[in-house]
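In what follows, a single structure is set out as structure tokens and then discussed.
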Amino acid sequence: MERIRTQVGIVGAGPAGLLLGHLLHLEGIESIQIENRSREYCESRIRAGVLECGTAELLAQAGVGERMKREGMVHQGVYLRFRRRSHHVLFPELTGGKCITVYGQHEVVKDLIAARLGAGARISFEVEGVEVNELETRTPRIRFRHGGEEHEIVCDFIAGCDGFHGVCRPSIPAGKLQTYEEVYPFGWLGILATVAPSSDEIVYTRHERGFALLSMRSPEVSRLYIQCAPEEDVGAWSDERIWAEMQKRFATDDGWTLREGPITQKGVTAMRGFLVEPMQYGRLYLLGDAAHIVPPTGAKGLNLAVADVRVFARALEAFYKRGSTELLERYSEICLRRVWKAERFSNWMTRMLHLGNGSEFVERLHLAELDYVTSSRAAMTTLAENYVGLPYEEC
């Protein structure tokens, strides 16, 4: 067995793990990273695409935002569409000039992998049999197989960045975490289509047939979703049926047109909210989806992961440079304040925009909520502040 010593062992090479490794490298802190998927899979998996103002700024400050600045699409607002009319929520005038950037998560991952490998980082893809052990000691260990050989990383801290289905969270002894979960009674049927987006900014639609979302990944690629059953059989949806349903849900009274094009990817996403408290045990710290999941309606998943990374990286910097453990001890407290606010916002957006949340009385309340949000500057400000990203807590 090969035994390796480092300061921080990182499990997972998604955006959280990669950004953490990069930020630690900038501060002279050593790390080794493992990932059970291939590099090609990590760089091609289509996920989130909306970056909060703070996320985009952090990537730029860390030196991994050049391509994002060139290719990302800066949006100044979103459209809320209901009763066949669109209402524009303009962010800069409501948030002191803040905007969002549409730039795919897989593009962020490409940029981070290039930066990490360019700096000589040790990242092992396609590992197997990952275990995290001795979490309550000062030398926790990560064991895994790679290339037919057994390996062990001995480190000071383990960063669990391996997602909702990873091994890190389940490795925490029973009874040490409090779990909170909300499973929604609907899902999203999502597609990627090779067609220019039909709107200059994201469109959220509540229709009598169900929710629909028009987003984009580039000036040539559209990302669209429609509400469906969580167990929906995607095989039952031909391209023609998908476009016909989208045409109905996005229809307006002002002559707006939904462009159609070749569908290159389709799939169904279930909707849930989930988190655990605390986000740490011994010297294992959970980041991103390993600790919390939000429904995608509020575009918070990737951004919460980046916020976790920011806090943990600063806590490790304080530990290694000043010998301070204060931020490490407060990691869960700081992160969870933001996570719960994001869960609240995502839940509010999801219930307001989807059908099937309750009685006809409740459904009419959600329409009234949309009417209020789009006619009140105070209500629009609440939406805008949350969408562009709440301020980071000082740490």
Residue by residue through the range 130-139, which ³J(HN,Hα) values in whole Hz follow from phi under the Karplus form 6.51 cos²θ - 1.76 cosθ + 1.60 (θ = phi - 60°), with glycine and proline marked x? 6, 9, 10, 9, 6, 5, 8, 8, 7, 10
PRE zone check, label point 7 Å out along Cα-to-Cβ of Gln178, amide N under 15 Å, scope the range 344-364, hits none
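For a footprinting-style exposure proxy, rank His207, His165 by other Cβ within 10 Å, fewest first. Could the numbers behind the result be given before it?
On the way: His207 20, His165 9.
If I rank by nearby Cβ atoms, fewest first, I get His165, His207.
Where in the chain are the DSSP H helices whose alpha-carbon span along the long axis reaches 18 Å or more and whose Kyte-Doolittle mean is at least -1.0? Don't skip to the answer; put the middle values down first.
Details: long enough: 105-118 (19 Å, 0.11); 301-322 (31 Å, 0.41); 331-353 (33 Å, -0.46); 360-373 (20 Å, 0.10).
Within the chain the helices that satisfy the rule are 105-118, 301-322, 331-353, 360-373.
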Once a ≥ b ≥ c are taken as the square roots of the eigenvalues of the Cα gyration tensor of the range 108-230, is the result rounded (a/c under 1.5), prolate (a/b larger than b/c) or oblate (a/b not larger than b/c)? oblate
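Please compute one quarter of the surface area of the Cα convex hull for the range 253-349 and express it in square nanometres.
On the way: hull surface 38.7 nm².
Taking the Cα atoms of the range 253-349, their convex hull projects to 9.7 nm² on average.
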What are the residues whose amide H is under 5 Å from the amide H of Phe186, where those residues sit 5 or more places off or on another chain and H is modelled from the backbone? Met271
Taking the Cα of Glu220, stepping 7 Å toward and past its beta carbon, and measuring to each backbone N in the range 180-213: which are under 11 Å? 194-196
Calculate, for Thr381 and His165, the FRET efficiency according to 1/(1 + (r/R0)^6) with r their C-beta to C-beta distance and R0 35 Å; round to the nearest 0.05. 0.40
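How about the range 20-72: which GluC sites (Glu not before Pro) there are in a DSSP loop, with at most 14 other Cβ atoms within 10 Å of their Cβ? The partial results should precede the final answer.
Numbers: sites: Glu27, Glu30, Glu35, Glu40, Glu43, Glu52, Glu57, Glu66, Glu71; in loops: Glu27, Glu30, Glu35, Glu52.
Of the GluC sites (Glu not before Pro), the ones in loops of the range 20-72 whose Cβ has at most 14 other Cβ atoms within 10 Å are Glu27.
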For Trp256, Trp188, order by how many other beta-carbon atoms lie within 10 Å, fewest first: Trp256, Trp188
Considering Cα pairs under 8 angstrom that are at least six residues apart, work out the relative contact order of the chain and quote it in whole percent. 20 percent
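I want the local charge near Pro296. Using Cβ-Cβ distances under 13 Å, sum +1 for each Lys or Arg and -1 for each Asp or Glu among the other residues. Display every interim value, and only then the final one.
Values: positive: Arg47, Arg223, Arg272, Lys300; negative: Asp289, Glu343.
So the environment of Pro296 carries a net charge of +2.
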As an exercise, take the mean of 1/r over every pair of distinct alpha carbons in the chain, invert it, and state the Kirkwood radius in angstroms. 21.9 Å
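List Glu260, Glu329 from most exposed to least, where exposure is judged by having the fewest other Cβ atoms within 10 Å.
Glu329, Glu260
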Fully extended, how many nm does the chain gain between Glu93 and Arg330 (0.36 nm per residue separation, minus their Cα-Cα distance)? 81.9 nm
Out of His207, Leu286, Thr382 - ranked by how far each Cα lies towards the positive end of the dipole of the chain, with unit charges on the beta-carbon of charged residues - the top one is Thr382
Positive end of the dipole of the chain, charges at C-beta (+1 Lys, Arg; -1 Asp, Glu), about the Cα centre: which of Thr6, Ile29, Gln76 has its Cα farthest in that direction? Gln76
Per the 1/(1 + (r/R0)^6) rule, R0 = 45 Å and r from the Cβ atoms of Glu27 and Thr257, FRET efficiency to 0.05 is 0.35
Local electrostatic count, Phe82, Cβ distance below 9 Å [Lys/Arg +1, Asp/Glu -1]: +4
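By the scheme Lys and Arg +1, Asp and Glu -1, what is the net charge of all other residues having a beta-carbon under 10 Å from that of Arg169? Intermediate values should be presented prior to the final figure.
Values: positive: none; negative: Asp162, Asp289.
Value of the local net charge: -2.
Count the DSSP beta bridges whose two residues both fall in the chain, then state the antiparallel fraction as a percent rounded to the nearest 5.
So the antiparallel bridges amount to about 70 percent of the total.
Hey, got a sec? Which trypsin sites (Lys or Arg not before Pro) in the range 122-230 land in a DSSP loop and have at most 14 other Cβ atoms within 10 Å? Intermediate values should be presented prior to the final figure.
On the way: sites: Arg122, Arg138, Arg141, Arg143, Arg145, Lys176, Arg206, Arg209, Arg217, Arg223; in loops: Arg138, Lys176, Arg209.
Taking the range 122-230 and a limit of 14 other Cβ atoms within 10 Å, the loop trypsin sites (Lys or Arg not before Pro) found are Arg138, Lys176, Arg209.
Suppose R0 equals 35 Å. What FRET efficiency, 1/(1 + (r/R0)^6) with r the Cβ-Cβ distance, do Ser359 and Glu126 give to the nearest 0.05?
Working: r = 50 Å, r/R0 = 1.43.
Computed FRET efficiency for Ser359 and Glu126: 0.10.
May I ask you to compute the full-extension gain from Val234 to Glu57, defined as 0.36 nm times their residue separation minus their alpha-carbon distance, rounded to one decimal in nm? Show your work: numbers first, answer last.
Values: separation 177, 0.36 × 177 = 63.72 nm, distance 3.72 nm.
Between Val234 and Glu57, full extension yields an extra 60.0 nm.
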Taking only Cα atoms of the range 186-268, the Rg to Rh ratio with Kirkwood Rh works out at 0.93
Residue separation between Met1 and Thr137 times 0.36 nm, minus their alpha-carbon distance, gives in nm 46.9 nm
Below 8 Å between Cα atoms, with a sequence gap of 6+, how large is the relative contact order for the range 1-49 in percent? 39 percent
Long pairs among Lys110/Lys176; Lys110/Lys248; Lys98/Lys176; Lys110/Lys300; Lys98/Lys248; Lys69/Lys248, criterion Cα-Cα beyond 29 Å: Lys110/Lys176; Lys110/Lys248; Lys98/Lys176; Lys98/Lys248; Lys69/Lys248
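Bear in mind that the values in this text are calculations on the coordinates, not laboratory data. Just so it is clear, the structure is predicted and the values come from calculations on it, not from any experiment. Cβ atoms come from the backbone with ideal geometry, glycine included; neighbour counts cover every protein chain shown.
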